[in-house]
Amino acid sequence: MKRFKWKLQRVLDIKTQHEQAIRNDLFALAQTIAGVREEILKRRTILRTLLEELGKRRPSDRLPDQMIFMQFSRVEERQIERLGARLKELEAQRAEKQAKFLAVRSTCKTLERLREEARERYMREVGKREQMAFDESAHIAFARKPSPRPTPVLQ
């Protein structure tokens, strides 16, 4: 029996590799986004902690450090804003990659369905050919079988 060979198998293989590459890119983007969010959270936590420590001090000790903290907090807030802009940019990239991924995945699913339908047609066709060969051999065997000869009637 001849093996099943589908003409579009190479296209499916390439699309599957493309899907895997996009999935890896999505994973890398998700890690980068998580890192940026963590950095923003870390910077906000540092500001909050310093502010709480500053608030616990006596007013006479706090005033000189409060000016330094205010300058530091402005710089940190600008940095947090930059990180927020980077986060939005990364999320836009992720949304774009997800759309590409879904399109490629849909194509792969369609190709897989077409391959399965072609394989089923092939299997039906092979079954028909095998049945025809079996029927033919049965007919030949029946035709070759010697027929019973009538016995002569004696009078």
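Every read-out reported here was derived from the displayed coordinates using simple, explicitly stated rules and does not represent laboratory data. No experiment lies behind these values; they were computed from the predicted model shown. Positions of Cβ are generated from backbone atoms using ideal geometry, with glycine treated the same way; all protein chains shown enter the neighbour counts.
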**Message:** Which count do you get for residues in the stretch 99-114 that are of a type outside the set (Val, Ile, Thr) and in contact (Cβ under 8 Å) with a residue 24 or more places away in the chain?
**Reply:** 7
**Asked** What number of residues in the stretch 1-51 are part of a helix (DSSP H, G or I) and either under 17 Å from the mean Cα position of the chain (by Cα) or among the aliphatic types (A, V, I, L, M) (or both)?
**Response** 30
**Asked** Is one or more of the residues making up the stretch 13-26 surrounded by 13 or more Cβ atoms within 10 Å (Cβ to Cβ) and over 30 Å from Glu112 (Cβ atoms)?
**Response** no
**Prompt:** Phe101: more than 30 Å from Gln31 (Cα to Cα) and part of a helix (DSSP H, G or I), yes or no?
**Reply:** no
